[in-house]
1. What number results when the radius of gyration of the chain, computed over Cα atoms, is divided by 2.2 N^0.38 Å?
2. Considering only protein heavy atoms and a probe of 1.4 Å, how much of the accessible area of the stretch 306-361 is carbon and sulfur, as a whole percent?
3. Working with all protein chains in place, sort H181, H246, H171 by solvent-accessible area computed with a 1.4 Å probe, largest first.
4. Beta carbons within 10 angstrom, averaged per residue: use that to sort the peptides 98-109, 289-300, highest first.
5. Under 5 Å between amide H atoms, partner at least 5 residues away or on a different chain: which partners does H181 have, H built in plane at 1.01 Å?
6. Hey, what's the stretch 340-404 come to in accessible area per residue, 1.4 Å probe, Å²?
7. Determine ³J(HN,Hα), in whole Hz, for all residues of the stretch 154-166 in sequence, where each value follows from phi through the Karplus function 6.51 cos²θ - 1.76 cosθ + 1.60 and θ = phi - 60°; x replaces Gly and Pro.
8. At a 1.4 Å probe, what is the % contribution of carbon and sulfur to the accessible area of the stretch 54-96?
Amino acid sequence: MSTDVATKDKVVSKGYKYFMVFLCMLTQAIPYGIAQNIQPLFIHPLVNTFHFTLASYTLIFTFGAVFASVASPFIGKALEKVNFRLMYLIGIGLSAIAYVIFGISTKLPGFYIAAIICMIGSTFYSGQGVPWVINHWFPAKGRGAALGIAFCGGSIGNIFLQPATQAILKHFMTGNTKTGHLTSMAPFFIFAVALLIVGLIITAFIRVPKKDEILASAQEVEQNRHEAAQKQAHEFQGWSGKQVLHMKWFWIFSIGFLIIGLGLASLNEDYAAFLDTKLSLTEVGMIGSVFGLAGIIGNISGGYLFDKFGTAKSMAYAGIMLIIAILMMIFISLHPYGDRINFYAGMGWAFTSGLSVFSYMSGPAFMSKSLFGAKAQGVNLGYISLAYAVGFAIGAPLFGVIKGATSFTTAWCCTTFFVAIGFILLIFAAIKIKQMQKNIVVSKPNIILDK
């Protein structure tokens, strides 16, 4: 009987599993890239067109992050019960509708609502969706690398989406991106259609494994069937969502990630606006492209680092890279507009910042399972994402307040402080949680722990 059942099982090839990784990478490159990565490029055109203040319009990132972070745990829980393709499709639909709302809005509340819908939508297919797919196709071996490859899609998308967006905006506006205004809201409708079409194509193919599929090649099944079965049977299950909330080190870890979010908000949302005050638009564009290329390297190498060295060491490396990147911003802030050294320092920022993107892109997905186990990885990922998103939401306006009251130099110094403290707390908590895991499995030698 058991033999008959076994013969009905389908062995999934490595090629097909990496086709799923490619679809996740494509998700990050286009649907997520449109939903999130290009939005900062619309700031100055919209502020000039509708005469908003910069501070009032950039609250779209705060509202979007807060609402999406609150929704994330619920979306993670829903993924356990609802068909994945349906969830993916809902997210694509929400983000496309959001861009339509952007296109018909003329008042701030309309833009706020659009941003909230857009960011919640992206959580379905990116923040929760991509890790959900990768964790199912790569339950153990190669998961970090697969996550890194998948999330490098955002950086790949930036390479062509950023200049494409600038070209489209230039076509539908008068003046330059700093002083000009839009003559049409057509760019939003263009991107809504692009996001929807690509999202529908991906939806037709992306999925999680079926119950009768074995996640190994035929050769691996023949050579390592017993070993694979042991790994799956003795995977560290960890803690449920409710149990995690009662862990002291979870809260220290989350506070650390929240503080990191405070610092990274300015690094992700304000870098272009800052560099515009020190460099030409062409130079800023070149720096953005280098950041995209470095981000590809960062995501792929970050996945390898997670697999090879685990959470604490990998995040320590990311923290060092981010601090160097912020120091480059401080250096630029001390020099006048057009100084050639600003361009070289900007390239230094792009390279070091790009190498660290895995810490907040694929990092949460890897750490949720590595630290808290497989039992409730979707819910726990939601909690971790919530902590980072709250910090990110607060950090964006906080940077503006500090900069307005003092200077860019002081604001970047505060960013350095936030990032350093946040990483110290996160790494220390990760070490303690790993010690807790070892204490739990000390009498269970067959349990396999990530590094």
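The values are calculated or read from the model by the stated rules, or taken from the named source; none is laboratory data. Small disclaimer: the values here were computed from a predicted structure and weren't measured. A quick note on method: Cβ atoms are made from the backbone with ideal geometry, for glycine too, and the neighbour counts reach across all protein chains shown. With ligands, DNA and RNA removed, areas are computed over all heavy atoms of the protein, side chains included. Shrake-Rupley method; radii C 1.70, N 1.55, O 1.52, S 1.80 Å.
1. Against the empirical 2.2 N^0.38 Å value, I get 0.98 for the chain.
2. Accessible surface attributable to carbon and sulfur in the stretch 306-361 totals 74 percent.
3. Final ranking, largest accessible area leading: H246, H171, H181.
4. In decreasing order of mean packing, 98-109, 289-300 become 289-300, 98-109.
5. Sorted by chain and number, the residues that satisfy this are T174.
6. I get 26 Å² per residue for this part.
7. So the J values, rounded to whole Hz, are x, 6, 4, x, 4, 4, 9, 6, 4, x, 5, 5, 4.
8. Heavy-atom surface of the stretch 54-96 belonging to carbon and sulfur, 1.4 Å probe: 77 percent.
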